[in-house]
Amino acid sequence: MPRFGTLTLTVTLPDKVYQECNDTTGNATANQDDRLSLLLDNQQGGTLSKRERGELSALMELYQEGLLRKAQGLREAVKRGLIKPLAP
């Protein structure tokens, strides 16, 4: 099967989108945040079922993707001069 290189897509978004990165924690809803907290508590207590482990994994992936998007948005906002760089 032939292999293809990685395609990079460049999208230009309005400044407002990047400014809003400071005000959000990702794309999880309040219900998802609550469920994630409960599943993490259950994991800590050693009471997760197989189904819950899968659900926890999916929610953690969603959370990590949201954090990545936020970091990318913050980087772009700094690059555009919309916000000051975060202190080291």
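Laboratory data are not the source of any read-out in this text; all were calculated from the coordinates shown. The model shown is predicted, which means the values in this text are computed figures rather than measured ones. Virtual Cβ from ideal backbone geometry, glycine too; neighbours counted across all protein chains shown.
How large is the dipole of the range 28-79 about the Cα centre if only Lys and Arg carry +1 and Asp and Glu carry -1, each at its Cβ, rounded to the nearest 20 debye? List each step's numbers first, then the result.
Values: 8 positive and 8 negative charges, 41 e Å.
With only Lys, Arg, Asp and Glu charged at Cβ, the dipole is about 200 debye.
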Answer with one residue from Leu38, Leu62, Leu74: the one whose Cα lies farthest towards the positive end of the charge dipole of the range 28-79, charges on Cβ with Lys, Arg +1 and Asp, Glu -1.
Leu74
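Which length gain, in nm to one decimal place, applies between Asp41 and Leu82 when the Cα-Cα distance is subtracted from 0.36 nm times their residue separation?
On the way: separation 41, 0.36 × 41 = 14.76 nm, distance 3.80 nm.
Length gained, Asp41 through Leu82: 11.0 nm.
Let me make sure I get this right: for the range 28-79, a, b and c are the square roots of the gyration tensor eigenvalues over alpha carbons, sorted descending. Under 1.5 in a/c it's rounded, otherwise prolate if a/b > b/c, else oblate. Which is it?
On the way: a/c = 3.29, a/b = 2.94, b/c = 1.12.
Prolate, since a/c reaches 1.5 and a/b exceeds b/c.
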